Amino acid sequence: MRFLTEPQIESIRERFGTPVYVYDQRTLEEAADRVRAFPVPCRLVGRFAMKALPTAAVLRIFDAKGLHIDASSGFEAERALAAGIAPEKIQITAQELPKDLKGLVQRGVLFNACSLHQLRRFGELFPGGEVSIRVNPGLGSGHNNRTNVGGPSSSFGIWHEKLALVQTLAREFDLRITGLHTHVGSGGDPEVWKHCAALSLGIAQQLPDLNRLSLGGGFKVARMPGEKAADLDAIGRALSPQIAEYLDGRSRARGRANDDFQLEIEPGTYLVALAGAILCEVIDLVDTGAGGNRFIKIDSGMTELLRPSLYGAQHPIAVVPRYRENGRTASGDEDDYLVVGHCCESGDILTPAPGDPEGLTHRRLARAEIGDTLVIEGTGAYASGMAASNYNSFPKAAEVLIERDGTPRLIRKRQTLAQSLENEL
Ligand SMILES: Cc1ncc(COP(=O)(O)O)c(C=O)c1O
């Protein structure tokens with residue numbers, strides 16, 4: 001297992017119950033260090049896309065590592081502020097305008113307008129102000145239409161051919177466009193990143209006041225064996241000549257150095273995906289006869305992890321026999337299983353076909369018994385933050401952080417039934 005040992009699994013389960021998210025501080029910090037070391041020929045800001053894992057304890061770890069925050073809604077920005085993050089380190093890039101945009105910006109939070117409507121609204125509230133814009137540069141590289149965040153099939157950002165309308169709005173409200181953001185989810189291939197960066201730098205050249213350029217996130221991680229992870233160092237080195245050329249032109253045009261310019265990257269997945277695991281219990285074993293399937297049922301599923309049901313995402317899964325110290329040991333026997341969650345919902349499946357949430361793929365796993373622990377790895381990103389919370393009235397799971405010295409610390413209590421009902425009248 002990536003960061004958990006079997007005795008740790010046993011003791012976390014004993015102390016905190018299941019299902020429980022477990023995060024590893026050391027792995028989080030190492031990922032933050034790699035982001036901070038992204039090699040570019042200018043000042044760099046690494047911005048954590050907090051939607052990937054918005055729990056305060058995690059935000060604080062990244063804050064201490066010098067990362068800034070990308071918030072996907074006004075609520076996320078408020079949540080980051082409540083966690084103690086300084087407002088000037090938070091930027092909102094949201095599909096929905098925050099209800100209190102005025103208050104948030106007045107407190108110092110940065111705003112990235114994602115549509116012409118949003119830009120107009122910002123102009124109305126802050127004439128003469130400075131703002132960033134998100135542009136859809138016409139290209140996307142998400143692996144399917146559910147993860148695509150650029151190109152004609154994506155609604156994110158201002159379409160690149162509409163820059164003249166941006167300039168018109170900027171004149172109307174006397175705005176300075178000082179930030180440009182072009183997150184298209186570029187993956188792991190340095191050549192794709194180079195292509196995306198070239199499009200972004202082409203747009204940057206049309207924005208004379210620009211001093212912040214964000215290339216977004218989307219750096220791929222390898223959750224499953226055989227997958228290839230993004231090499232941040234290789235991507236940074238591949239991009240550096242283009243960026244240096246842009247900066248050269250910028251300083252010549254302005255007749256001064258580029259000390260005021262910063263490049264940003266905005267990873268979510270990369271920072272947290274491999275630092276998380278879900279521990280759950282095998283609650284039932286059923287089969288559908290000869291020629292059918294064997295199923296492992298767990299006390300978790302789409303209530304803690306929606307990605308397999310949503311995208312056909314693949315996560316490493318392991319069965320850890322319980323009560324090993326009571327004499328039961330792994331027999332070495334294995335079986336082919338489908339793993340399903342506890343929801344009354346046929347889509348609650350942990351072993352979909354890769355990229356196809358409606359397909360099924362068997363996993364070869366250690367022979368399971370009811371009561372064993374099932375560990376789902378690679379679940380730091382878009383798990384606790386993006387689950388089908390409270391479906392079938394299951395309470396939200398607890399979250400535990402393994403601190404640097406190996407101590408597990410509760411960072412979010414398990415929700416009670418009463419808490420899930422408290423707003424009902
Ligand atoms: C604006 C923005 N920034 C950053 C991210 C983070 O992407 P990832 O988690 O793939 O790195 C996203 C994800 O969609 C995004 O929309």
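Quick note: the coordinates plus some simple rules give every number you see, no bench work behind them. Being a predicted model, the structure only gives us computed values, none of them experimental. For neighbour counting, all protein chains shown are included, and Cβ atoms are generated from backbone atoms with ideal geometry for every residue, glycine included.
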Among segment 216-232, those whose backbone N falls under 16 Å of a label point 7 Å along Cα→Cβ from Arg26 are none
Net charge (Lys, Arg +1; Asp, Glu -1) of residues whose beta-carbon lies under 13 Å from that of Val166, Val166 excluded, is +2
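Would you please give the FRET efficiency between Trp159 and Glu358, computed as 1/(1 + (r/R0)^6) with r the Cβ-Cβ distance and R0 = 22 Å, to the nearest 0.05? Present the calculation step by step, with values, prior to reporting the outcome.
On the way: r = 32 Å, r/R0 = 1.45.
Efficiency, rounded to the nearest 0.05: 0.10.
By its C-alpha gyration tensor, with a ≥ b ≥ c as the square roots of the eigenvalues, how is segment 273-421 shaped: rounded for a/c under 1.5, else prolate for a/b larger than b/c, else oblate? Mind showing how you got there, number by number?
Working: a/c = 1.57, a/b = 1.17, b/c = 1.35.
Oblate.
To check you understand DSSP bridge types, tell me what percent of the beta bridges within the chain (both residues inside) are antiparallel, rounded to 5.
Working: 29 of 66 bridges.
Restricted to the chain, the bridges split so that about 45 percent are antiparallel.
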Phi-derived 3J(HN,Hα) across segment 83-93 with the Karplus relation (6.51, -1.76, 1.60, θ = phi - 60°), rounded Hz, x for Gly and Pro, is 7, x, 6, 5, x, 6, 9, 10, 10, 9, 10
Checked against the positive end of the charge dipole of the chain (+1 on Cβ of Lys and Arg, -1 on Cβ of Asp and Glu, about the Cα centre), the farthest of Ala277, Ala222, Leu53 is Leu53
Label model pair Glu130, Asp248: point-to-point distance (7 angstrom along the Cα→beta-carbon line) in nm is 2.7
With x for Gly and Pro, the residue-by-residue ³J(HN,Hα) of segment 262-270, computed from phi through the Karplus equation 6.51 cos²θ - 1.76 cosθ + 1.60 at θ = phi - 60° and given in whole Hz, is 9, 9, 10, 10, 9, x, x, 3, 4
With x for Gly and Pro, the residue-by-residue ³J(HN,Hα) of segment 50-67, computed from phi through the Karplus equation 6.51 cos²θ - 1.76 cosθ + 1.60 at θ = phi - 60° and given in whole Hz, is 5, 4, 5, 6, x, 5, 3, 4, 6, 4, 5, 4, 6, 4, 5, 8, x, 7
Under a Gaussian network model of the chain whose springs join Cα atoms within less than 10 Å, the largest fluctuation of Ala397, Ala64, Ala80 belongs to Ala64
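Can you check what the net charge comes to around Glu266, using other residues whose Cβ is under 14 Å from the Cβ of Glu266 (Lys, Arg +1; Asp, Glu -1)?
Values: positive: Arg36, Arg47, Lys51, Lys89, Arg134, Arg212; negative: Asp70, Glu76, Glu264.
Neighbour charge sum, excluding Glu266 itself: +3.
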Mean separation of Cα contacts under 8 Å (at least 6 apart) over the residue count of the chain, i.e. the relative contact order in percent, is 18
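Please compute the net charge surrounding Gly301, taking Lys and Arg as +1 and Asp and Glu as -1 over other residues with Cβ under 11 Å from its Cβ.
Values: positive: Lys297; negative: Asp299, Glu304, Glu345, Asp348.
Its environment carries a net charge of -3.
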Length gained if Asn390 through Leu421 is fully extended, taking 0.36 nm per residue and subtracting the Cα-Cα distance, is 10.2 nm
Among Ala77, Ala37, Ala273, the residue with the largest mean-square fluctuation in a Gaussian network model of the chain built from Cα contacts under 10 Å is Ala37
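For segment 339-425, state which GluC sites (Glu not before Pro) are in a DSSP loop and have at most 11 other beta carbons lying within 10 Å of their beta carbon. Present the calculation step by step, with values, prior to reporting the outcome.
Numbers: sites: Glu345, Glu358, Glu369, Glu377, Glu399, Glu403, Glu422, Glu424; in loops: Glu345, Glu369, Glu403, Glu422, Glu424.
Those that pass, being in a loop and sparsely packed, are Glu422, Glu424.
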Among Asn211, Ala234, Gly17, the residue whose Cα sits farthest towards the positive end of the charge dipole of the chain, when +1 is placed on the Cβ of each Lys and Arg and -1 on the Cβ of each Asp and Glu, is Asn211
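Tell me the trypsin sites (Lys or Arg not before Pro) within segment 249-306 that lie in a loop according to DSSP and have at most 11 other beta-carbon atoms within 10 Å.
Working: sites: Arg250, Arg252, Arg254, Arg256, Arg294, Lys297; in loops: Arg256.
Those satisfying the criteria are Arg256.
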Helix 6-16 sits off the longest principal axis of the Cα atoms of the chain, rounded to the nearest 10 on a 0 to 90 degree scale, by 80
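Using only alpha carbon pairs under 8 Å that are at least six residues apart, calculate the relative contact order of segment 273-421 and give it in whole percent.
Values: 328 pairs, mean separation 45.2, N = 149.
Averaging sequence separation for qualifying contacts and normalising by length gives 30 percent for segment 273-421.
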Full extension between Glu172 and Thr5 adds, at 0.36 nm per residue less the Cα distance, a length in nm of 54.1 nm
With Cα coordinates, the longest principal axis of the chain makes an angle with the long axis of helix 25-36, in degrees rounded to 10, of 20
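Can you give the FRET efficiency to the nearest 0.05 for Lys99 and Glu334, using r as the Cβ-Cβ distance and R₀ = 60 Å?
Details: r = 53 Å, r/R0 = 0.88.
In this case the efficiency is close to 0.70.
Could you order peptides 407-416, 347-356 by the average number of other Cβ atoms within 10 Å of their residues, highest first? Walk me through the numbers before you get to the answer.
Working: 407-416: 14.2, 347-356: 18.6.
In descending order of packing, they fall as 347-356, 407-416.
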Longest principal axis of the chain (C-alpha) makes with the long axis of helix 163-173 (C-alpha) an angle, in degrees to the nearest 10, of 70
